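Peer 1: Take this structure first; my questions come after.
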Amino acid sequence: MTERFRSETTNAIYRYLLDKILSGELKPGDRIPETSIAEILHVSRTPVRDALRDLATANVVTLYPNKYSEITVFDSERMREVGITKICLDRLAIRLAIYYGSRAEYEVLRELAETCYQRALEDNYSGRVDADSDFHLELSRITKNRTLFQLERNLLIQLEYLQATNYLNAEDPKEQYEGHLRIVSALEKGDAEAGMEAITKPSLKFYNVEGIPDSLYEG
């Protein structure tokens, strides 16, 4: 098997497993049947294990060497850790996007907000999560900061996973849409405080970090 084919096979298995995780077919705490997956996809167990290692790097799979693998269970403390990280990145993104962004780029964000709301109205939750991820990834791209953009991309799978597994706590679609529009409006006006408030509020609630000191993410 060539290196290129091995990589393509592993990537395909990675995507296959990630889709099952984000769709809820594989739930937190479920063991991952490596042998069955290899048989279904007509591959050896080696690329399956490679894909699982990649998913473990993204923190959505937990590996127990020589035993088994399972879908990661995020306890409340770990979820708060992710939430605080996201809030800090988002607030930095607002400040940089105001400085480096353009009207045309802000308009792209507005279009992504519309797409996210439309997916919610269609009761397409996975599509809504994807569109919300696109909105935040585009915001980080507007910053012109490659390090911030890469950090956002690396965190993205965890964020999608947490949204998929905590959909009952999801923000009301209209409130989310209006929040997205407030972010775009703040960018257009150059109002960093309003933008940071709009992007922080929903994360404080979703990640259950409303009681943390403001000093942990302000400044």
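Peer 1: Hey, can you tell me all the residues within the range 117-143 that are over 17 Å from R103 (Cα atoms) and aromatic (F, W, Y)?
Peer 2: Across the range 117-143, the qualifying residues are Y117, Y125.
Peer 1: Within the range 155-172, how many residues are without any contact (Cβ under 8 Å) to a residue 24 or more places away in the chain and either surrounded by fewer than 16 Cβ atoms within 10 Å (Cβ to Cβ) or outside the structural domain of E114 (by TED's automatic domain parsing) (or both)?
Peer 2: 2
Peer 1: I've got another one for you. What helices (runs of 4 or more DSSP H) completely inside the range 100-190 contain at least 2 residues that are in contact with a Phe, Trp or Tyr (Cβ under 7 Å, 6 or more places away or on another chain)?
Peer 2: Numbers: elements: 103-121, 125-142, 146-165, 173-189.
Those helices (runs of 4 or more DSSP H) span 103-121, 125-142, 173-189.
Peer 1: Another question, then. Is it the case that the range 59-80 has a residue that's among the hydrophobic types (A, V, I, L, M, F, W, C), assigned to a helix (DSSP H, G or I) and buried (at least 17 other Cβ atoms within 10 Å of the Cβ)? Full working, then the answer.
Peer 2: Here is the first cut: in the range 59-80, the ones among the hydrophobic types (A, V, I, L, M, F, W, C) are 60-61, 63, 71, 73-74, 79.
Restricting the remaining residues to those that are assigned to a helix (DSSP H, G or I) gives 79.
Restricting the remaining residues to those that are buried (at least 17 other Cβ atoms within 10 Å of the Cβ) gives 79.
Yes, the range 59-80 has at least one match.
Peer 1: Condition first: without any contact (Cβ under 8 Å) to a residue 60 or more places away in the chain, surrounded by fewer than 20 Cβ atoms within 10 Å (Cβ to Cβ) and closer than 22 Å to L22 by Cβ. Now tell me which residues in the range 88-132 satisfy that.
Peer 2: Scanning the range 88-132 gives T115, Q118, R119, L121, E122, D123, N124, Y125, G127, D130.
Peer 1: I need a count of the residues in the range 139-154 that are crowded, with 19+ Cβ neighbours inside 10 Å and charged (D, E, K, R).
Peer 2: Summing the residues that are crowded, with 19+ Cβ neighbours inside 10 Å and charged (D, E, K, R) in the range 139-154 gives 2.
Peer 1: Quick check on this structure: which one of A198, A194, A186 is without any contact (Cβ under 8 Å) to a residue 24 or more places away in the chain and surrounded by 19 or more Cβ atoms within 10 Å (Cβ to Cβ)?
Peer 2: Step by step, each of A198, A194, A186 is checked, and only A198 is without any contact (Cβ under 8 Å) to a residue 24 or more places away in the chain and surrounded by 19 or more Cβ atoms within 10 Å (Cβ to Cβ).
Peer 1: Restricting to the range 134-172, name every residue that is under 22 Å from E70 (Cβ atoms) and of a type in the set (D, E).
Peer 2: E160
Peer 1: Does the range 144-181 hold any residues that are touching a Pro at 6+ places or on another chain (Cβ under 9 Å) and among the polar types (S, T, N, Q), and which are they?
Peer 2: T165, Q176
This table checks each residue for (1) at pLDDT 95 or above; (2) charged (D, E, K, R); (3) out of contact with any helix residue (DSSP H, G or I) (no Cβ under 8 Å at 6 or more places or on another chain).
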| residue | (1), (2), (3) |
| --- | --- |
| N124 | no, no, yes |
| R128 | no, yes, no |
| Y167 | no, no, no |
| D172 | no, yes, yes |
| L187 | yes, no, no |
| G195 | yes, no, no |
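Peer 1: Sticking with this one: Using the structure shown, decide if R141 is at pLDDT 90 or above, more than 23 Å from L52 (Cβ to Cβ) and either more than 17 Å from the chain's Cα centre (by Cα) or outside the structural domain of A192 (by TED's automatic domain parsing) (or both).
Peer 2: Numbers: at pLDDT 90 or above: yes; more than 23 Å from L52 (Cβ to Cβ): yes; either more than 17 Å from the chain's Cα centre (by Cα) or outside the structural domain of A192 (by TED's automatic domain parsing) (or both): no.
Here the answer is no, as R141 does not meet what is asked.
Peer 1: In this structure, does Y207 turn out to be farther than 24 Å from E114 by Cβ, in contact (Cβ under 8 Å) with a residue 60 or more places away in the chain, outside the structural domain of N59 (by TED's automatic domain parsing) and among the aromatic types (F, W, Y)? Quick ask: steps written out before the conclusion?
Peer 2: Values: farther than 24 Å from E114 by Cβ: yes; in contact (Cβ under 8 Å) with a residue 60 or more places away in the chain: yes; outside the structural domain of N59 (by TED's automatic domain parsing): yes; among the aromatic types (F, W, Y): yes.
Yes: the conditions hold for Y207.
Peer 1: Within the range 62-85, how many residues are in contact (Cβ under 8 Å) with a residue 40 or more places away in the chain and not small (G, A, S)?
Peer 2: Of the residues in the range 62-85, the ones in contact (Cβ under 8 Å) with a residue 40 or more places away in the chain are 70-74, 76, 79-80, 82-85.
Now drop any that are not not small (G, A, S), which leaves 70-74, 79-80, 82, 84-85.
Here the count works out to 10.
The values are calculated or read from the model by the stated rules, or taken from the named source; none is laboratory data. What you see is a predicted model; the values in this text were computed from it and never measured. No Cβ is skipped: glycine too gets one built from the backbone with ideal geometry, and neighbour counts run over all protein chains shown.
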